[in-house]
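First the structure, in the form of structure tokens, and then the observations on it.
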Amino acid sequence: MKNRWGLLLAALLLLALAASGAPSMDGEEQGEDCLLYFLASESKARGNDQIKSHMERLDVAEDAPLKELARAVVRRLLDGSEEAGLRSPLPDGVELLGLEILDRRAYVDFSSGVNRLSGVDLALADYCLTLSLTGLDGISAVSVTAQGRALGQQPKQVFYERDVLLSTMDDVVQAVEVTLYFLNSSNALTGERRVIELYEGQTLAENLVAALLEGPQNRELSRVLPEDFQVNFVRMENGVCYVNIPASSLETLPEDEEQQRMMLWSLADSLYSIGSVEELRLLADGEELTAFGMIPVESVASRPQG
């Protein structure tokens, strides 16, 4: 009888451990595997050669909420990798003060020690954070602050995965200042000054539209173009900017006429901030449009006077 009770208690104990998420009796570690990016301790190379990836086991449940998983990623980057030869991209003593996720953008706030980074070291830290966090489903951009304030030496305040993959520290062909138009708290269009970096083979117009689709950097502004709104291509020819929009995006335009107008004006006003754009033509899968929903395209076809 005692043996039967002992077996029953052991079985109940195993069930309790499994339900609580504790490590199993066979020593298998529980957690979530994520591909994170660290600095190579021995590398003397510049740029992305100093960044190495490693699959890390994080101490979170497999079904943990995105915010909890993102916090675990940043804490592991602060602590350093489990793999020998990899180190944290952030200075010793830096603490994570807060992390929020809004519109697929992770806002990461560190203690003041992160301000010790500058130049290449700051860029590499931004890259490691961006690559690691945008690897999570639900995050497409990263913004880093120190005690709620932007880092003074950062060339930009929001990083996307493509920024890291395209950058090799010295390959920027040109940097041009433009104005992107988003909605303020009064639902009026407000300009946000932005420096657009151009790389070999890129055009200013296509990069501007890509930045507009990604949304504002200023947290007090909100995007005008919906997240599912897409653009096939942007082409410049003799001062005329052609924007080719998938017909599927036009089919999902909001029914409200004012919202349609704001979307069209946001696109047009942003493109006209490029001095070389004199006219705008909208296409739907290659066919020229006369109306954007209920709004005549003719209303934005030429650069505003004055």
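The values are calculated or read from the model by the stated rules, or taken from the named source; none is laboratory data. Every value quoted in this text rests on a predicted model; they were computed, and no experiment measured them. Ideal geometry is used to build each Cβ from the backbone, glycine not excepted, and the neighbour counts take in all protein chains shown. Please note that ligands, DNA and RNA were not included when accessible areas were found on the heavy atoms of the full protein model with its side chains. Shrake-Rupley method; radii C 1.70, N 1.55, O 1.52, S 1.80 Å.
For this structure, a couple of remarks:
- Hey, residue 250 in a helix (DSSP H, G or I), in the same structural domain as residue 182 (by TED's automatic domain parsing) and either farther than 19 Å from residue 183 by Cβ or in contact with a helix residue (DSSP H, G or I) (Cβ under 6 Å, 6 or more places away or on another chain) (or both) or not: yes
- Single residue of the range 210-225 satisfying the filter (part of a helix (DSSP H, G or I) and out of contact with any Ser or Thr (no Cβ under 7 Å at 6 or more places or on another chain)) that is least open to solvent (accessible area, probe 1.4 Å): 211
- For the range 168-178, the count of residues that are over 24 Å from residue 135 (Cβ atoms), at pLDDT 75 or above and surrounded by fewer than 18 Cβ atoms within 10 Å (Cβ to Cβ) is nonzero.
- Residue, farthest from residue 250 (Cα to Cα), within the range 201-226, restricted to residues that are β-branched (Val, Ile, Thr) and either modelled with pLDDT of 90 or more or within 15 Å of the chain's Cα centre (by Cα) (or both): 209
- Close pairs from the range 215-234: first within 20 Å of residue 190 (Cα to Cα) and small (Gly, Ala, Ser), partner crowded, with 17+ Cβ neighbours inside 10 Å and at pLDDT below 90, Cβ under 9 Å, at least 6 apart: 215/141; 215/158
- All conditions in (1) assigned to a helix (DSSP H, G or I); (2) at pLDDT below 90; (3) open to solvent by 40 Å² or more (accessible area, probe 1.4 Å) hold for residue 68, with the sole exception of (2).
- Answer residue from the range 231-244, given it is within 23 Å of the chain's Cα centre (by Cα) and in a loop (DSSP other than H, G, I, E, B) and is surrounded by the fewest Cβ atoms within 10 Å (Cβ to Cβ) among those: 232
- Breaking point among (1) free of Cβ contacts under 8 Å to residues at least 40 places away in the same chain; (2) more than 23 Å from residue 185 (Cβ to Cβ); (3) in contact with a helix residue (DSSP H, G or I) (Cβ under 9 Å, 6 or more places away or on another chain), for residue 237: (3)
- Check on residue 78, at pLDDT 50 or above, outside any helix (DSSP H, G or I) and under 19 Å from residue 130 (Cβ atoms): no
- Exclusive hit being open to solvent by 30 Å² or more (accessible area, probe 1.4 Å), under 24 Å from residue 140 (Cα atoms) and charged (D, E, K, R), set 228, 256, 269: 228
- Output for the range 253-278, where each listed residue is in a helix (DSSP H, G or I) and touching a Gly at 6+ places or on another chain (Cβ under 9 Å): 257, 259, 260, 261, 263, 264, 269, 270
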